Amino acid sequence: MYCKRSAKYSPWMLHRYSLVRSQDPNQRRVLDSATRQRRLNRQLEALEKDNFQDDPHASLPPLIKRLPQFDENNESGKRRKKTRGDHFKQRFRKNFQTLLEEEDLSVSEGPNYLTACAEPSKFPQRHFCAVCGFPSNYTCVSCGARYCCVRCLGTHHETRCLKWTV
Amino acid sequence: MTTLVLDNGAYTAKIGYSHDTVSVIPNCQFRSKTSRLKTFTANQLDEIKDPSGLFYILPFQKGYLVNWDVQRKVWDHLFGKEMYKVDFADTSIVITEPYFNFTSIQESMNEILFEEYQFQAALRINAGSLSAHRYFQENSTELCCVVVDSGFSFTHIVPYCRGKKMKDGICRINVGGKLLTNHLKEIISYRQLHVMDETHVINQVKEDVCYVSQHFYKDMEIAQLKGEENTVMRDYVLPDFSSIKKGFCKPLEEMSFSGKYKTGEQILRLTNERFAVPEMLFHPSDVGIQEMGIPEALVNSISNMPEEMKPHFFKNIVLTGGNTHFPGFRDRLYKDVRSLTPTDFQVSVVQPQNPICYAWEGGQLLAENPDFEEMVVTREDYEENGHFICEEKFDI
């Protein structure tokens, strides 16, 4: 049920130093800061997701509504109350972003949703290895990720540097 | 006339009659791989025999109510004959909403409470205001308090003075339990086993083994040691939902440092994950969220308050919400706030017995309060004056 990471990408696999060192620095592709920021945003968005997998019902055909049956007539009064005009339904189908834009907070005075957000910290950012999570002292030249040792750098190059594989 | 108190959280609803006790119930729907065709609502979760790969359908997005179809299904279930059997003609409701709730959500809420369900009276209020009410009832000599509410979607820091919320001091950090679980899922999936589909299981892992470190870098050093010296390391046995219904932490005496076990269970080995994950509440910048952590934001928020109130705020810091259950949370927050505050201020951090239901208990007290009748909007009021009267009476 929980599938093992294939051995090829196992971060704990030993790497030959030569593999990492052999790259010619002049030929190495380097991501610009805009791309790096985009990557970070994508990671942060992923942390907000409700589910990673698809809806298990997504592949099912939509349920065909049952035809009304005669003995349901006595309930119809109650039922009518629950179904409303289309405009009502529309109002209840907006996502967070639409609602936020509709509030139009940029022009409103006083504290609001946008102003209440915590400011950036005054303390310097701390750095941790993108592979093993321990404090890191080095930065990957290509993509800007942090790493702590040659072993982790090797894993990083193979899995999540220029190409994000796992 | 009875009063139903509903602290409508983004992950769990805390619900109960004011004369009764509270229940904590998932405020969402679920789908399971094994029982196709069926969608499970709220506490029907218990009926799912194999909750692996559980699919969540949540009514909230970033802490705000957006999916009304799901919310109504959950409420129908809660108010209906399976659970609270609400007699709407004879019931008032106290219901919570997030800070700065959007106007259109507030209006939808009025319509659904008064027109759809036809409650006789309603009080819409921030959960933090209920917590503050509870705190002031218990500590009647205190003038001010700061409510730190760290829940599923985000963390709010809100100063209250004599029961009134100080809007200028409200601070939101976009780190909550959901982010922590997703982050833990991500790092375990990268480092060990692919568990991206197992939100439910990993949430349990988080609740069972994560803690807030008191000496972060020291714990990092310990977590790097080999063998018995590594007192941080834990092996977690994952559930297979046949013989192991619920995951658990291997008892220390049974732990093998090689990580190999004769029994065939699937094991997660956790080291720095245990404290690096909750650390995001204290340093969101660790994962690239450029916001202050809880202690810094709290000190910053109080620094914007009038000078004469400051000592009262530092003396009355109240912790609510599920994240405050992490072992060591209170002590670490105290330590950090203490080190950021001049020594002439007294700092005191209070963690209630039940931080998840603290706001609900405040609602219960409020419903019994003689002023309660003055605070609600009745259905008659609403039918006469519409949204206007709600906007005037409720302070959201």
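In region B:58-79, what count of residues is obtained for those that are open to solvent by less than 30 Å² (accessible area, probe 1.4 Å), within 13 Å of another protein chain (Cβ to nearest Cβ) and not polar (S, T, N, Q)? Before you say what the answer is, go through the steps one by one.
Just the residues of region B:58-79 that are open to solvent by less than 30 Å² (accessible area, probe 1.4 Å), to begin with: B:58-60, B:63-66, B:68, B:70-71, B:74-75, B:77-79.
Narrowing further to those that are within 13 Å of another protein chain (Cβ to nearest Cβ): B:58-60, B:63-66, B:68, B:70-71, B:75.
Applying the additional criterion that residues be not polar (S, T, N, Q) yields B:58-60, B:63-66, B:68, B:70, B:75.
Total satisfying the criteria: 10.
Considering only residues that are free of Cβ contacts under 8 Å to residues at least 60 places away in the same chain and either farther than 14 Å from B:ALA297 by Cβ or in a loop (DSSP other than H, G, I, E, B) (or both), which ones fall in region B:316-343?
Once the filter is applied, which keeps residues that are free of Cβ contacts under 8 Å to residues at least 60 places away in the same chain and either farther than 14 Å from B:ALA297 by Cβ or in a loop (DSSP other than H, G, I, E, B) (or both), region B:316-343 yields B:ARG330, B:TYR334, B:ARG338, B:SER339, B:THR341, B:PRO342, B:THR343.
Given the condition open to solvent by 10 Å² or more (accessible area, probe 1.4 Å) and of a type in the set (A, V, I, L, M, F, W, C), answer yes or no: does some residue in region B:198-211 qualify?
no
Residues B:ARG124, B:ARG134: which one is touching a Gly at 6+ places or on another chain (Cβ under 6 Å) and at pLDDT 95 or above?
So the residue among B:ARG124, B:ARG134 that is touching a Gly at 6+ places or on another chain (Cβ under 6 Å) and at pLDDT 95 or above is B:ARG134.
What's the total number of residues in region B:214-223 that are within 13 Å of chain A (Cβ to nearest Cβ) and open to solvent by less than 100 Å² (accessible area, probe 1.4 Å)?
5
Pairs under 7 Å by beta carbon, first residue farther than 22 Å from B:PRO251 by Cβ and not assigned by the TED database to the domain that holds B:PRO295 in region B:196-224, partner aliphatic (A, V, I, L, M) and open to solvent by less than 10 Å² (accessible area, probe 1.4 Å), six or more apart or different chains?
Final answer for the pair search is B:THR199/B:LEU54; B:HIS200/B:LEU54.
Which of the helices (runs of 4 or more DSSP H) contained wholly in region B:122-234 include at least 2 residues that are under 22 Å from B:PHE102 (Cβ atoms)?
Counting at least 2 such residues, we get B:127-138, B:177-191.
Of all residues in region A:126-150, which are of a type outside the set (A, V, I, L, M, F, W, C) and facing chain B (nearest Cβ under 9 Å)? Steps first, answer last, please.
Narrowing region A:126-150 to residues of a type outside the set (A, V, I, L, M, F, W, C): A:126-127, A:133, A:135-139, A:142, A:144, A:146-147.
Matches in region A:126-150: A:ARG126, A:HIS127, A:GLY133, A:PRO135.
Being in contact with a Leu (Cβ under 7 Å, 6 or more places away or on another chain) and not basic (Lys, Arg), is that true of even one residue in region B:213-223?
No, region B:213-223 has no match at all.
What about B:GLN106, is it closer than 30 Å to B:LEU238 by Cβ and out of contact with any Gly (no Cβ under 6 Å at 6 or more places or on another chain)?
Numbers: closer than 30 Å to B:LEU238 by Cβ: no; out of contact with any Gly (no Cβ under 6 Å at 6 or more places or on another chain): yes.
So B:GLN106 fails the test.
Quick grid of which residues meet (1) under 28 Å from A:CYS117 (Cβ atoms); (2) of a type in the set (S, T, N, Q):
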position: B:ASP149; (1), (2): yes, no
position: B:SER153; (1), (2): yes, yes
position: B:CYS171; (1), (2): yes, no
position: B:GLY177; (1), (2): yes, no
position: B:HIS194; (1), (2): no, no
position: B:GLN204; (1), (2): no, yes
position: B:SER213; (1), (2): yes, yes
position: B:GLU221; (1), (2): no, no
position: B:VAL237; (1), (2): no, no
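The values are calculated or read from the model by the stated rules, or taken from the named source; none is laboratory data. Keep in mind that this is a model prediction, so the values were computed, not measured. Methodologically, a virtual Cβ is constructed for each residue, glycine included, from the backbone with ideal geometry; neighbour enumeration extends over all protein chains shown. Note: areas computed on protein heavy atoms with side chains; ligands, DNA, RNA excluded. Shrake-Rupley method; radii C 1.70, N 1.55, O 1.52, S 1.80 Å.
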